[in-house]
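Asks: Below is one structure. I have some questions about it.
The values are calculated or read from the model by the stated rules, or taken from the named source; none is laboratory data. Note that the structure is predicted; figures quoted are calculated from it, not measured. Cβ placement follows ideal geometry from the backbone for every residue including glycine, while neighbour counts extend to all protein chains displayed. Surface areas here come from the heavy atoms of the whole protein model, side chains and all, with no ligands, DNA or RNA. Shrake-Rupley method; radii C 1.70, N 1.55, O 1.52, S 1.80 Å.
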Amino acid sequence: MKRLIAFDLDGTLAESKQALDDEMASILARLSQVADICVISGGDWPQFEKQVASRLPESTNRARFWLMPTTGTKLYRFENAGWTPQYADLFSDEERAHIIQELRASIDRLGFTPTQVWGEQIEDRGSQITFSALGQQAPLHPKEAWDPKHEKRRRIQADLQPILPDVSVRIGGATSIDITRAGVDKAYGIERLSQISGIPKADMLFFGDALYPGGNDAPVKETAGVDCVQVYNVDQTKRALEAVILCLA
Ligand SMILES: [Mg+2]
């Protein structure tokens, strides 16, 4: 019996960087009556608050949520009427500066400097450095057109990973690359969640849109060995959850 349903965020629960829509928010509220819920994504807490936490209807059982920003290097739970951080694994200033320097050098070397950007390309999330090729505020359309087959990001990954052996370089949302400590990926987050919650991995089910090899959801299946559902869009997640709620109710 599955006791905890875990999700990727962008492309799985919501469109890239968008808030949960009303239908998804209401489905999650219903799901919270029958299971624990984890959301694990490369985004930092402010993004989680905007996209997920602030969107949950009153009927939601918030105490059953495990929100894991920055690929599980942080954990937030709902305690005493507020969302409270439980832990955060941060990069040192030195590690951070080195990563950002090498990331910029790699993008220059490969000629992937875009002609137009919307906001900052490199975001320092404390425990994770995220590169968004077209900037943090880029509109959806140019983002979808930039690297639909992940070719550019695979080249950055291949170039950068040997230079930075102590970190893990992964393809993230529509245009992004997430860099964390080596060994920090969604499998690490899920393992940690299992330890802290006491819920065995066998009792978890994970939904993600990037379970293909090299995708940022793949380690959940390959390393953590959790049962996974590959979805191709938010609508598929909704339809699958209707069935999950019926099974667990
Ligand atoms: Mg995704």
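Asks: Explain nothing, just the number: relative contact order of the chain, from Cα pairs under 8 Å at least 6 residues apart, as a whole percent. List each step's numbers first, then the result.
Replies: On the way: 450 pairs, mean separation 54.6, N = 249.
Here the relative contact order equals 22 percent.
Asks: Could you sort 102-109, 174-181 so that the peptide with the highest average Cβ count within 10 Å comes first and the rest follow in order?
Replies: Result, highest mean Cβ count within 10 Å first: 174-181, 102-109.
Asks: Which of the residue pairs Lys17/Lys221; Lys149/Lys201; Lys17/Lys201; Lys50/Lys238; Lys17/Lys152 have a Cα-Cα distance greater than 26 Å in the structure shown?
Replies: Lys149/Lys201; Lys17/Lys201
Asks: Any idea what angle helix 93-110 forms with the longest principal axis of the chain, computed on alpha-carbon atoms, 0 to 90 degrees, nearest 10?
Replies: 60
Asks: Specify the residue with the greatest mean-square fluctuation among Val234, Val117, Val167, computed from a Gaussian network of the chain linking alpha-carbon atoms under 10 Å apart.
Replies: Its mean-square fluctuation being the largest, the pick is Val117.
Asks: Something else now. How much accessible surface does Glu191 have with a 1.4 Å probe, in Å² rounded to 10?
Replies: For Glu191, the solvent-accessible surface is approximately 60 Å².
Asks: Working from Cα positions, state the angle (0 to 90°, nearest 10) between the long axis of helix 22-31 and the longest principal axis of the chain.
Replies: Long axis of 22-31 versus the principal axis of the chain: about 60 degrees.
Asks: Restricting to the chain, what percent of DSSP beta bridges are antiparallel, rounded to 5?
Replies: That works out to approximately 50 percent antiparallel.
Asks: Same structure, new question: Once each part is reduced to its C-alpha centroid, what is the distance from segment 218-249 to segment 1-21 in angstrom?
Replies: Measuring centre to centre over Cα atoms gives 9 Å.
Asks: Provide the percentage of antiparallel DSSP beta bridges, counting only those with both residues in segment 1-146; round to the nearest 5.
Replies: 55
Asks: Now, a different point. Within segment 152-235, which chymotrypsin sites (Phe, Trp or Tyr not before Pro) sit in a loop by DSSP and count at most 15 neighbouring Cβ atoms inside 10 Å?
Replies: Passing both the DSSP loop test and the Cβ count: Tyr232.
Asks: A further question on this structure: Quick check on the chain: helices-only [θ] at 222 nm, where DSSP H runs of length 4 and up contribute -39,500 (n - 2.57) each and the sum goes over total residues. Nearest 500, please.
Replies: The helix contribution divided over the chain gives -10000 deg cm²/dmol.
Asks: What is the percent carbon and sulfur in the accessible area of the chain, measuring with a 1.4 Å probe over the protein chains and ignoring ligands?
Replies: Here it works out to 51 percent.
Asks: What's the center-to-center distance, using Cα atoms, between segment 169-195 and segment 67-87 in Å?
Replies: Using only Cα atoms, the two centres lie 16 Å from each other.
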